[in-house]
1. For the range 118-237, what class follows from the C-alpha gyration tensor (a ≥ b ≥ c being the square roots of its eigenvalues): rounded when a/c is under 1.5, otherwise prolate if a/b is larger than b/c, else oblate?
2. Taking Cβ-Cβ under 4.7 Å as the only way to count a partner, pick out the unpartnered cysteines of the chain.
3. Using 0.36 nm per residue of separation minus the Cα-Cα distance, give me the extension gain between Lys184 and Arg144 in nm, one decimal.
4. Please give the helix 15-26 orientation as an angle from the longest Cα principal axis of the chain, in degrees from 0 to 90, rounded to the nearest 10.
5. Picking from Gly250, Pro15, Gly91, whose Cα lies most toward the positive end of the charge dipole for the chain (charges on Cβ: Lys, Arg +1; Asp, Glu -1)?
6. Taking 7 Å along the Cα-to-C-beta vector as the label spot, tell me the Leu97-Glu125 distance in nanometres, rounded to one decimal.
7. Based on the mean of other Cβ atoms within 10 Å per residue, sort peptides 182-188, 52-58 so the most packed one is first.
8. I want to check the label-to-label distance for Val270 and Leu284. Put each point 7 Å from Cα in the C-beta direction and report it in nm to one decimal.
Amino acid sequence: MSAQEYDIIIIGGGPAGMTAGLYASRAELKTLLLEKMIMGGQMMTTTRVENWPGYPGGIDGPELMMRFQEHCVEFGLETATGEVERIEDLGKQKRLLIDGKEYLCKAVIIATGANPRKLGVEGEEGLVGRGVSYCATCDGAFFRNVPIAVIGGGDTAAEEAIFLTRFASKVYMVHRRDELRATKILQTRVLENDKIEMIWDSVVTGLDSDNTGLTGIKVENLKTDEQRQLEAVGMFVAVGVTPITQFLGGIVELDESGYVKAGEITHTSVAGIFAAGDCRTNILKQVSTAVGDGAVAATQAEKYISEL
Ligand code: NAP
């Protein structure tokens, strides 16, 4: 069977990929947006988005993404579910192997985003779904009237801790330093919330469990070496993200943390391959920056194609 051909193939259906799709299809380029799981990316597991302009009072992540999706297909963008196995640079064309089928295109936009990072503590993997979670919006409601802990000190940890106070009887927030990394407004909300107890300067050293799942979390204070046992039956890990770039197999240059090396005009080390959003090296990871990136990547791809 001959390969399907497109002008642009976008990999990833988060805010960056969908915006790139909107711009590319509006420029009347034959574009396919490929998503491995569900459209919307990390926003699908985000509670309230308060910093996306135009929505005073905020909007829930999944609702915002549903609107993005409706909008991006309005101009004829084709979307599909599938996993990219390989990308080859043939010069003026790129060949992609997607679920065993061959596709050809003139330009590729990588917009695969990032996944939550694991904590790396013993027993963590085996307790996923039995107390350990990486998504408060997905699993928070399972922890009604019980004590739980959030690990991390960034925006995600702060938002999750605040959200989880709706369900849990108490939320411990375990952070390895004595100052949160989260935005000031979130810091204030965390510190003023009576249900949240900060466990400063501390890391998780062990997990206790029985046949029902997680029963407790051992933490150690890095300054005093004091050990403490938190009676928590849920642990929400929010210690940052890892870019989804392993599948690229070295076709474009990555930095030491695995992010695609691409500047603000989204060009990667290979002509005709662009990178947008959280998977590329950038200083700010927000819906607004991902959207900006998607627009830049699509217009750069359009320019590249017209110059071929
Ligand atoms: P992040 O900003 O990288 O924060 C990760 C947190 O986890 C940091 O506090 C870090 O501690 C801690 N940490 C990292 N590795 C750890 C380990 N092994 N053990 C214990 N703690 C560890 O990650 P994020 O909160 O997931 O956010 C990712 C990006 O998305 C950020 O750019 C963030 O601003 C953005 N974001 C924005 C919003 C929003 O605007 N509403 C919401 C969510 C996320 P240190 O502070 O000591 O490094």
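1. Working: a/c = 1.67, a/b = 1.15, b/c = 1.46.
It comes out oblate by the Cα gyration axes.
2. Unpaired cysteines in the chain: Cys72, Cys105, Cys279.
3. Working: separation 40, 0.36 × 40 = 14.40 nm, distance 2.80 nm.
Stretched fully, the Lys184-Arg144 segment lengthens by 11.6 nm.
4. Orientation of helix 15-26: about 20 degrees from the principal axis.
5. Selected residue: Pro15.
6. 2.5 nm
7. Working: 182-188: 15.1, 52-58: 10.0.
The packing order, highest mean first, is 182-188, 52-58.
8. 3.0 nm
The values are calculated or read from the model by the stated rules, or taken from the named source; none is laboratory data. Fair warning: this is a prediction, and the values are worked out from it, not measured in the lab. As a convention, Cβ positions derive from the backbone with ideal geometry for all residues, glycine included, and neighbour counts pool all protein chains shown. Please note that ligands, DNA and RNA were not included when accessible areas were found on the heavy atoms of the full protein model with its side chains. Shrake-Rupley method; radii C 1.70, N 1.55, O 1.52, S 1.80 Å.
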